[in-house]
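Here the structure comes first, spelled out in structure tokens, and everything after it is commentary.
The values are calculated or read from the model by the stated rules, or taken from the named source; none is laboratory data. Keep in mind that this is a model prediction, so the values were computed, not measured. A quick note on method: Cβ atoms are made from the backbone with ideal geometry, for glycine too, and the neighbour counts reach across all protein chains shown. When the accessible area is computed, the model is the full protein with side chains, heavy atoms only, and any ligands, DNA or RNA have been set aside. Shrake-Rupley method; radii C 1.70, N 1.55, O 1.52, S 1.80 Å.
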Amino acid sequence: MAETLGTLADKLITVKLKLWHTDDALRTGSLKAQETQLQNEINEFVGAAITGDIPIERLTFASNKIYKKEGNVVPDFSGTIGQIFAQLAEVNCRLWHVQEKVYEFEQIPVSQKDDIIKQLAVVNLERNQCIDRLDEKFRNSIEKLQAEN
């Protein structure tokens, strides 16, 4: 997958979640280094997009998820770049907690297993939708900026 603002944001959010949930000093050091690296990559990516060093078509890379829409309702995320980034962070937090249940799947009562798997699938679709919307919003902003210049 090509790197976009959305994928970089997703990676940074995941690193922040890992930092929040670990007490291991070695892991914390590694995660802090990843955090800094991702912050730098985001800054470089945004700067390169603004200066036109990244072709406009490379600012998006749609996930093109193919899934049965009926019964798998995924909201259409919208708002400013910051608002969509915040929505992505919230979705990733929910995904983290659902995934935690899957790690101990044998402890889940049989009557709840289908619901957990469904939650995992739908929240992951939401995550991809947020990434795509963030990329689209950023691309639109860059296109507008380039049209003004």
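Could you say whether any residue in the range 82-99 is within 26 Å of residue 43 (Cα to Cα), open to solvent by less than 50 Å² (accessible area, probe 1.4 Å) and outside any helix (DSSP H, G or I)?
Checking the range 82-99: not a single residue is within 26 Å of residue 43 (Cα to Cα), open to solvent by less than 50 Å² (accessible area, probe 1.4 Å) and outside any helix (DSSP H, G or I).
Could you figure out which of (1) touching a residue at least 12 places away in the same chain (Cβ under 8 Å); (2) out of contact with any Ser or Thr (no Cβ under 7 Å at 6 or more places or on another chain) isn't true of residue 68?
(1)
Check the range 101-117 and report whether any residue there is in contact (Cβ under 8 Å) with a residue 24 or more places away in the chain and open to solvent by less than 90 Å² (accessible area, probe 1.4 Å).
There is no residue in the range 101-117 that is in contact (Cβ under 8 Å) with a residue 24 or more places away in the chain and open to solvent by less than 90 Å² (accessible area, probe 1.4 Å).
Given the criteria at pLDDT 90 or above and in contact with a helix residue (DSSP H, G or I) (Cβ under 6 Å, 6 or more places away or on another chain), does residue 19 qualify?
It is true that residue 19 is at pLDDT 90 or above and in contact with a helix residue (DSSP H, G or I) (Cβ under 6 Å, 6 or more places away or on another chain).
Return the residues of the range 1-21 that are without any contact (Cβ under 8 Å) to a residue 24 or more places away in the chain and either open to solvent by less than 20 Å² (accessible area, probe 1.4 Å) or in contact with a Gly (Cβ under 7 Å, 6 or more places away or on another chain) (or both); say none if nothing qualifies.
Listed by number, the list holds a single entry, 15.
Which of the residues belonging to the range 31-60 are open to solvent by less than 100 Å² (accessible area, probe 1.4 Å) and outside any helix (DSSP H, G or I)?
Those that are open to solvent by less than 100 Å² (accessible area, probe 1.4 Å) and outside any helix (DSSP H, G or I): 52, 54, 55, 60.
Against the definition (among the basic types (Lys, Arg) and under 10 Å from the mean Cα position of the chain (by Cα)), how does residue 139 come out, yes or no?
No: the conditions fail for residue 139.
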